[in-house]
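The values are calculated or read from the model by the stated rules, or taken from the named source; none is laboratory data. All figures in this text were calculated on a predicted structure; none of them were measured in a lab. Virtual Cβ from ideal backbone geometry, glycine too; neighbours counted across all protein chains shown.
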Amino acid sequence: MIKRKIIRIKLVGDYYTYGLIIDKTFMTFFDFITNDKNFDYKSVIYKPILFTNAVNYKKAMKTNEWEVMGLIEIEESLLDKRPYYIQDVIDNNKFRIALPPDYINVIPATKKDCTGLEIMGVYYPEHVLDRLNHHFFDTKLKWMSSLPFWLIDKLNDEKISEN
């Protein structure tokens with residue numbers, strides 16, 4: 001067992017979700033919301049993981065929406081680092097995968113190989129908040145380009161099927 005900080009994130013309305021600070025760069029966010037400000041945050045680690053991304057921690061802790069709740073003991077498996085994908089900015093049909101633990105090793109990949117992975121990058125807290133609010137409340141996305149391509153494709157497919 002290892003100790004890590006849990007953060008509470010204020011969403012739209014009077015709802016909250018939670019994140020786990022993996023290290024000074026990465027945070028894991030859980031697929032869970034509550035309107036109970038006094039929710040026992042220690043149990044959130046048993047909820048499904050929504051995504052893990054690098055987040056500008058210093059900026060996040062300066063916002064009113066993000067609050068450190070305390071330290072909790074977690075299984076070391078929650079610290080497992082995942083691979084991330086990189087999409088070429090000039091040729092968006094070229095992909096690579098950055099491999100843990102240090103992400104220095106990068107291998108060529110296909111778009112299919114990258115489906116389900118998160119984009120390699122550091123997110124501002126407002127991008128994460130935008131994604132969380134969209135996920136839980138279907139709010140309009142301000143930063144669609146910060147989403148993984150496969151999630152954008154899914155959202156576009158849902159729009160087409162609605163018409």
Exercise for review: Check whether at least one residue in segment 8-17 is of a type outside the set (S, T, Y), assigned to a loop (DSSP other than H, G, I, E, B) and closer than 22 Å to Y84 by Cβ, and report yes or no.
Suggested key: no
Point to revise | Subset of segment 23-78 (residues that are over 12 Å from R8 (Cβ atoms) and of a type in the set (D, E)) | key: D23, D31, E73, E75, E76
Exercise for review: Select from segment 45-71 the residues that are loosely packed, with under 12 Cβ neighbours inside 10 Å and assigned to a loop (DSSP other than H, G, I, E, B) and write down the one among them that is nearest to the chain's Cα centre (by Cα).
Suggested key: P48
Exercise for review: Determine whether segment 81-98 contains at least one residue that is in contact (Cβ under 8 Å) with a residue 40 or more places away in the chain and of a type in the set (A, V, I, L, M).
Suggested key: no
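A quick yes/no check of all residues on (1) without any contact (Cβ under 8 Å) to a residue 24 or more places away in the chain; (2) assigned to a loop (DSSP other than H, G, I, E, B); (3) hydrophobic (A, V, I, L, M, F, W, C):
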residue: L20; (1), (2), (3): no, no, yes
residue: N38; (1), (2), (3): yes, yes, no
residue: K42; (1), (2), (3): no, no, no
residue: E73; (1), (2), (3): no, no, no
**Study point:** Those residues of segment 130-148 which are assigned to a loop (DSSP other than H, G, I, E, B) and exposed (fewer than 13 other Cβ atoms within 10 Å of the Cβ), in sequence order
**Key:** D138, K140
Check your understanding: farther than 22 Å from I6 by Cβ, surrounded by fewer than 14 Cβ atoms within 10 Å (Cβ to Cβ) and among the hydrophobic types (A, V, I, L, M, F, W, C), is that true of I104?
Key -> yes
Revision key, fill the gap. Note on segment 56-71: residues among the polar types (S, T, N, Q) and either touching a helix residue (DSSP H, G or I) at 6+ places or on another chain (Cβ under 9 Å) or free of Cβ contacts under 8 Å to residues at least 24 places away in the same chain (or both) are N56, T63
Check your understanding: Could you list, in sequence order, the residues of segment 75-109 that are touching a helix residue (DSSP H, G or I) at 6+ places or on another chain (Cβ under 7 Å) and in a strand (DSSP E or B)?
Key -> Y85, Q87, F95, I97
Exercise for review: Check off (1) of a type in the set (K, R); (2) at pLDDT below 95; (3) surrounded by 11 or more Cβ atoms within 10 Å (Cβ to Cβ); (4) under 18 Å from the mean Cα position of the chain (by Cα) for K42 and give me the number that stays unchecked.
Suggested key: (4)
Check your understanding: So, of the residues in segment 1-39 that are touching a Gly at 6+ places or on another chain (Cβ under 8 Å) and under 17 Å from S77 (Cα atoms), which turns out to be surrounded by the most Cβ atoms within 10 Å (Cβ to Cβ)?
Key -> M27
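For residues in segment 112-129 being within 15 Å of M144 (Cα to Cα) and in a helix (DSSP H, G or I), which is farthest from the chain's Cα centre (by Cα)?
The first filter runs over segment 112-129 and keeps only residues within 15 Å of M144 (Cα to Cα), leaving 118-119, 121, 123-129.
Now restrict to residues that are in a helix (DSSP H, G or I): 125-129.
Details: P125: 10, E126: 12, H127: 10, V128: 6, L129: 9 Å.
Of everything passing the filter in segment 112-129, E126 is farthest from the chain's Cα centre (by Cα).
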